[in-house]
Amino acid sequence: MRSLDQIIEAEEQTFLQRVPKSIALHAQASKSIPGGVASSWASSRPTPVWVSHGSGAHVWDVDGNRYIDFHAGYGANVVGHANPAVVAAVQDRVTLGTHFAQPTPDLIVVAEELAKRFGLPQWRFCNSGSEATMDAIHLMRAVTGKDLIIKIEGSYNGHHDSVLVSIFRSTSQLGPEQEPWRVPTAGVPQAIADLVRIVPYNDLVALERVLTEFKNEIAGMIFEPMMMNAGIIAPQDNYLHGVRELTAKHGVLLAFDEVKTGLVVHHGGATKLYGVTPDIVCLAKALGGGVPCGAIGGTDEVMSAITDGRYNQIGTFNGNPLTMAAARAVLTQVMTPDVYDRANELGSYILGNALETLHRYGQSAYGFQAGFKVCVVFSDKPAKNYREFLDISTGISHLHFLKQFNGGIFLPPWGKSESLTLSVAHTKADADIYIQNLVEFGEVLQSMGERASKVFAAGSYN
Ligand SMILES: Cc1ncc(COP(=O)(O)O)c(C=O)c1O
């Protein structure tokens, strides 16, 4: 009987044999680019895959292999690759000049459409999810004149100082459950991390405790309404309403980080899906249809701090004409409200069949689906917060990533943390290949003789 390590080793060898040109490019790139990649998150085991091009639901690597793409560039490419409407919008715009740092009319179309979808009247633009959450935190501090921020333990909200706290850590590094430490990421001073108060997801009691203890010191709470860097952890009944009520009761602003969920789980994001409206919404990823883009929406009261200059929301490339042309096409031509019914149909087909397949092979698994997002987790105990998520096996998720890759499906490389993202171009036939690969995966796990996901060590954070 082969061990998990041996099976992973064999699958990694198969993976590497498929991608010799990627391996060569990686070796060359590593001489001038740290790790040979543009972002450390592209630095995955067994080797980064270099992409040649994409079309619709597919991507091709530089070795000519074609994959069904459920990676979607970490959940950004919901319009599918080279979507004709987005291509036309960008092509039409590119010949007219790509940068002025002055407004172009598409800004208004995009802002009005977002206002309608998210129920927040005022919008500004930026270039990424990190910029959006950074602006949200600056705004909350500027509006309230207070310094402290509440954030969820283990939740990723971008790569700026205020939120690079208590993420990608093991349980022992996070401190006692009731009094969690504020653990800065390398490069972030402890003094900045100390302006953050950490609470577990799905825990209104802990939130109320912090709100009471630091009364009159907290500017706001930054919060991913569905936690999406831990597989997907969905809000428990009434949790989002409870967070809204408690923050309002204590005079604390609430910012939803909808960088991953916005325009993906519903046409109006988690905000509309759950019917809870925060003071600020942060968007990025799917909004640009593959072009770098970010946005923050807010109430009249919050955004008045920008209007009257209490907070300068700035950036050379904010509202760039190409970005806004792409976002206009995304909102008005592609991600229209009608496409979400089809996404829910395909997504629930994938999830239902995936769970049925894994259970048939005696494996524990649970999952979650909303709009274009699907998540399958190899455990029988749904995690309700980050610490519970850390107990889930990393090895099994990595094997799943490898099995799917070798079977023609591209998933995000950090298997345990990530989820599948569908696009408007995916079909049931694509879903069936994913499920067929799961049959082979189930057979392998079953051949290990026990409920594999219980057998192998948990504890790593990816
Ligand atoms: C929830 C969430 N917020 C913020 C960010 C940061 O976005 P970006 O990578 O565009 O800076 C991410 C990125 O994955 C994210 O998942």
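Dividing the summed helix terms, -39500 (n - 2.57) for each DSSP H run of n ≥ 4, by the number of residues in the chain produces a 222 nm estimate of -12000 deg cm²/dmol to the nearest 500.
Taken over the C-alpha atoms, segment 1-126 has Rg and Dmax values of 20.2, 65 angstrom.
Which three numbers, in whole Å and largest first, are the semi-axes of the equivalent ellipsoid of segment 283-431 derived from its Cα gyration tensor as √(5λ)? Before the final figure, lay out each step's value.
On the way: eigenvalues 257, 80, 43 Å².
So the equivalent ellipsoid measures 36, 20, 15 Å along its semi-axes.
Note on segment 84-334: Rg/Rh from C-alpha atoms, Kirkwood Rh, equals 0.98.
The spacing between segment 258-281 and segment 113-188, judged by their C-alpha centroids, is 16 Å.
Sorted ascending by nearby beta carbons within 10 Å, beginning with the fewest, M140, M134 become M134, M140. Counting neighbouring beta carbons within 10 Å and listing from fewest to most, the residues I314, I192, I7 come out as I314, I192, I7.
Stokes-Einstein, applied to the Kirkwood radius of segment 182-308 over Cα pairs at a viscosity of 0.692 mPa s and 37 °C, places its translational diffusion at 208 µm² s⁻¹.
I want the antiparallel fraction of DSSP beta bridges within the chain, as a percent rounded to 5. Among the beta bridges of the chain, antiparallel pairing accounts for roughly 60 percent. Pairs of Cα atoms nearer than 8 Å and 6+ residues apart set the relative contact order; for segment 2-72 it is 25 percent. When Rg and the Kirkwood radius Rh are both evaluated on Cα atoms of segment 112-187, their ratio Rg/Rh stands at 1.05.
Going from the residue with the fewest nearby Cβ atoms within 10 Å to the one with the most, W41, W123, W50 rank W41, W50, W123. Taking every pair of Cα atoms in segment 80-156, average 1/r, invert it to obtain the Kirkwood radius, and report Rg/Rh to two decimals. Radius of gyration relative to Kirkwood radius: 1.06. Of the listed pairs K384/K416; K146/K215; K146/K260; K272/K373, which have alpha-carbon separations greater than 18 Å here? Going by Cα-Cα distance, K146/K260 fall outside the 18 Å limit. Rounded to the nearest Å, what's the spacing between the alpha carbon centres of segment 284-361 and segment 54-75? Just the number, please. The distance from the Cα centre of segment 284-361 to that of segment 54-75 comes to 20 Å.
Is there a quick way to get the dipole size of the chain? I mean about its Cα centre, with the Cβ of Lys and Arg at +1 and of Asp and Glu at -1; what is the value in debye to the nearest 20? All intermediate terms of the calculation are to be shown ahead of the outcome.
Numbers: 36 positive and 45 negative charges, 70 e Å.
Value, rounded to 20: 340 debye.
If contacts are Cα pairs under 8 angstrom and at least 6 residues apart, what is the relative contact order of the chain in percent?
Numbers: 907 pairs, mean separation 98.9, N = 462.
Reported as a whole number, the value is 21 percent.
With the alpha-carbon atoms of the chain aligned to their principal axes, the span from lowest to highest coordinate is 67, 57, 46 Å, starting with the largest.
Read-outs throughout are calculated quantities, based only on the coordinates presented, and are distinct from any laboratory measurement. Quantities reported herein were computed from a predicted structural model and do not represent experimental measurements. Neighbour counts run over all protein chains shown; Cβ positions are idealised from the backbone, glycine included.
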